[in-house]
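So the structure is just underneath, and the comments pick up after that.
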Amino acid sequence: MGFFNRLKESLHKTRQSFVEKIDDLVHHRKSIDEDLYEELEEVMVQADVGVTTAMELVDRLRRTVRERRVEDAAELKPLLKELIREMLGSLPGRLNTSLDSPTVVMVVGVNGVGKTTTIGKLAYLYKSEGKKVILGAADTFRAAAIDQLEVWADRIGIDLVKHREGADPAAVAFDSLQAARARQADLLIIDTAGRLHTKSNLMEELKKIGRVLDRDMPGAPHEVLLVLDATTGQNAISQASLFKEAVGITGIALTKLDGTAKGGVVVAVKSQLDIPIYFVGVGEQVDDLQPFVPREFADALFESTENT
Ligand SMILES: Nc1nc2c(ncn2[C@@H]2O[C@H](COP(=O)(O)OP(=O)(O)O)[C@@H](O)[C@H]2O)c(=O)[nH]1
Ligand SMILES: [Mg+2]
């Protein structure tokens, strides 16, 4: 299955909860009135676009309808697609790997969002592009977390730097940077723990990893990738604010778009956080991570089911 079709398929439930409801709304209307705008807003909020963003979209929609003298309610759907596409921006997501060598990526996020899985997929993606990738197992909280990352490393055929369970995560990060340099890796990806995100000790631990890396290689980590789980909807937005404030985030990977009806959260993330979405996760397989391409996302979301 092609890239685009895979994305489209993963957005199936979101399309049902969002785009098809919009279809229903506009097709049973003769004219565009305030009630219709309100119902559109409601549909967007239910699809996890978020209240603020939904209001903003409806405001823009009203303005556009006025400017272009749109009268037919059916025209609202393509208009809304256009506005969402605009809101998502135009730049496709990508790690900036040109900054220094090795490019150091620290991956953060709360437990269970898909950090380790995303790291496996990322490593696979960049290895397929001919880059030498090394992993650092700095989630030392549980032995199982280290093992899980090792399974990915073995499967992909790349090196992993690990210490024993309970070791200092910053020491793992330091050693993995040494290894990445010695082995002339292009990319070092560091896994981290995600427990206790409401407590300050996790953030302190992440800050310490950052300090240790930066002391050894000024500028590292070059990317701090926050992993968010799309199925948590608006909760993902508050997680992002927390991490952004504590450790600074350069990009987002939004996982589990497949099987959730809350895909509208992509629009909320983009409009409320001012952090680029680099990747979206569309399944559990190694190749189920895609660079986020705003135009494709809007196309995949709005693709009418008749054409699938
Ligand atoms: N369906 C789906 N599952 C995912 C995706 N990304 C991660 N997962 C699953 O989410 C669960 C938690 O992932 P894990 O990487 O261990 O999360 P971590 O605690 O943040 O490291 C695992 O069962 C993964 O297979 C995705 O894009 N789609
Ligand atoms: Mg993990």
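Going through the range 186-218 one residue at a time, which ones are over 25 Å from the mean Cα position of the chain (by Cα) and in contact (Cβ under 8 Å) with a residue 24 or more places away in the chain?
Once the filter is applied, which keeps residues that are over 25 Å from the mean Cα position of the chain (by Cα) and in contact (Cβ under 8 Å) with a residue 24 or more places away in the chain, the range 186-218 yields VAL212, ASP216, MET217.
Can you tell me how many residues within the range 214-230 are outside any loop (DSSP other than H, G, I, E, B) and either more than 24 Å from GLY93 (Cα to Cα) or open to solvent by 60 Å² or more (accessible area, probe 1.4 Å) (or both)?
3
Would you check if there is a residue in the range 270-277 being more than 17 Å from LEU88 (Cα to Cα) and not aliphatic (A, V, I, L, M)?
No, because not a single residue in the range 270-277 is more than 17 Å from LEU88 (Cα to Cα) and not aliphatic (A, V, I, L, M).
Filter the range 92-103 for residues that are more than 13 Å from PHE279 (Cβ to Cβ) and in contact (Cβ under 8 Å) with a residue 40 or more places away in the chain; which is most open to solvent (accessible area, probe 1.4 Å)?
Filtering the range 92-103 for residues that are more than 13 Å from PHE279 (Cβ to Cβ) and in contact (Cβ under 8 Å) with a residue 40 or more places away in the chain, the one most open to solvent (accessible area, probe 1.4 Å) comes out as LEU99.
Which residue pairs have Cβ atoms under 9 Å apart, sit 6 or more places apart or on different chains, and have a first residue in the range 47-58 that is in contact (Cβ under 8 Å) with a residue 40 or more places away in the chain and closer than 15 Å to ASP274 by Cα and a second that is basic (Lys, Arg) and open to solvent by 10 Å² or more (accessible area, probe 1.4 Å)?
Once the first residue is in contact (Cβ under 8 Å) with a residue 40 or more places away in the chain and closer than 15 Å to ASP274 by Cα and sits in the range 47-58, its partners that are basic (Lys, Arg) and open to solvent by 10 Å² or more (accessible area, probe 1.4 Å) give THR53/LYS270.
Condition (residue is within 12 Å of ligand 2 (Cβ to nearest atom), touching a residue at least 60 places away in the same chain (Cβ under 8 Å), under 24 Å from ILE249 (Cα atoms) and assigned to a loop (DSSP other than H, G, I, E, B)) applied to the range 127-148: is it met by at least one residue?
No, the conditions are met nowhere in the range 127-148.
I want to confirm something. Restricting to the range 22-37 and keeping residues that are open to solvent by 90 Å² or more (accessible area, probe 1.4 Å) and in contact with a helix residue (DSSP H, G or I) (Cβ under 8 Å, 6 or more places away or on another chain), which single residue is nearest to PHE302 (Cα to Cα)?
For the range 22-37, the residue satisfying everything is HIS27.
Of the numbered conditions (1) assigned by TED's automatic domain parsing to the domain that holds VAL113; (2) crowded, with 23+ Cβ neighbours inside 10 Å, THR260 fails exactly one; give the number of that condition.
(2)
Filter the range 122-148 for residues that are open to solvent by less than 50 Å² (accessible area, probe 1.4 Å) and near ligand 1 (Cβ under 8 Å from one of its atoms) and give the result.
ASP139, ALA145
Could we say that VAL70 is away from ligand 1 (no atom under 16 Å from the Cβ) and either of a type in the set (Gly, Ala, Ser) or crowded, with 21+ Cβ neighbours inside 10 Å (or both) here?
no
Which of the residues that make up the range 239-261 are over 13 Å from the mean Cα position of the chain (by Cα) and touching a residue at least 40 places away in the same chain (Cβ under 8 Å)?
If the condition is that a residue be over 13 Å from the mean Cα position of the chain (by Cα) and touching a residue at least 40 places away in the same chain (Cβ under 8 Å), then LEU242, PHE243, ALA246, VAL247, GLY259, THR260, ALA261 are the ones that fit.
Return only the number of the condition from (1) over 30 Å from GLU205 (Cβ atoms); (2) in a helix (DSSP H, G or I); (3) open to solvent by 10 Å² or more (accessible area, probe 1.4 Å) that VAL151 does not satisfy.
(1)
The values are calculated or read from the model by the stated rules, or taken from the named source; none is laboratory data. These numbers were taken from a predicted model, which means no experiment stands behind them. Cβ atoms come from the backbone with ideal geometry, glycine included; neighbour counts cover every protein chain shown. Note: accessible area is taken over every heavy atom of the protein model, side chains too, but ligands, DNA and RNA are not part of it. Shrake-Rupley method; radii C 1.70, N 1.55, O 1.52, S 1.80 Å.
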